[in-house]
Structure formats: C-alpha cells, structure tokens
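One structure is given here, and the rest of the page talks about it.
Read-outs throughout are calculated quantities, based only on the coordinates presented, and are distinct from any laboratory measurement. All values reported here derive from a predicted model rather than from experimental measurement. Positions of Cβ are backbone-derived with ideal geometry, glycine not excepted, and every protein chain shown enters the neighbour counts.
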Amino acid sequence: MNGNLRARETYKLLFDYPPREYPEPEPLDAKGKPLKKDPKAKPVKKKKGPPFPTPDWAVELDAVVQKVKLIEGLIA
C-alpha cells in the first residue's frame, strides 16, 4: 500500500511538470538536406526566451537520482 501511495505521489510530480516547447525544425528538401538560404539575406537574430523552470524537487541531482531509483523499485 505504501508503494502505491509513493507511486501516485511521484506520478503527480511528473504530471505537474510543465511541457517543453521546442522550436520548429528547419525545412528539408526531398533528399533530407537543409534547404539553401539566400546568401544576400540578413541573418535573423533569435530572441532568447526565459530559461525552462526547474521544479523544486529536481534542483539537486541526488534528489532526482533518488526519485528515479524509487520509480524503478516500484516497477520491479
């Protein structure tokens, strides 16, 4: 029963973790190579977004390793 409660608690921590947003991939031609860009075009500067927020329970590596071991133990 205790393992079930820990599994639910761990699931809630992982479920509450916000999803990451990834940039759009570069377009590819039919052979899978990147499309050629116009050499006269000015380079576009990308704005840096805010860093991805790290949850409180994942700040220290030891805590994350402990959670992973707990999940593996519950699975086994």
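Of the labelled figures (1) 9.2; (2) 5.5; (3) 4.9, only one reflects mean projected area of the Cα convex hull in nm² as derived from the coordinates, namely (1).
Name the residue from F52, V65, F15 whose Cα lies farthest towards the positive end of the charge dipole of the chain, charges +1 on Cβ of Lys and Arg and -1 on Cβ of Asp and Glu. Sorting the options by dipole projection puts first F52. Please report how far the C-alpha centroid of region 37-73 lies from that of region 1-34, rounded to the nearest whole angstrom. If you average the Cα positions of each part, the centres end up 11 Å apart. The order of the peptides 16-26, 50-60 by mean Cβ neighbours within 10 Å, most packed first, is 50-60, 16-26.
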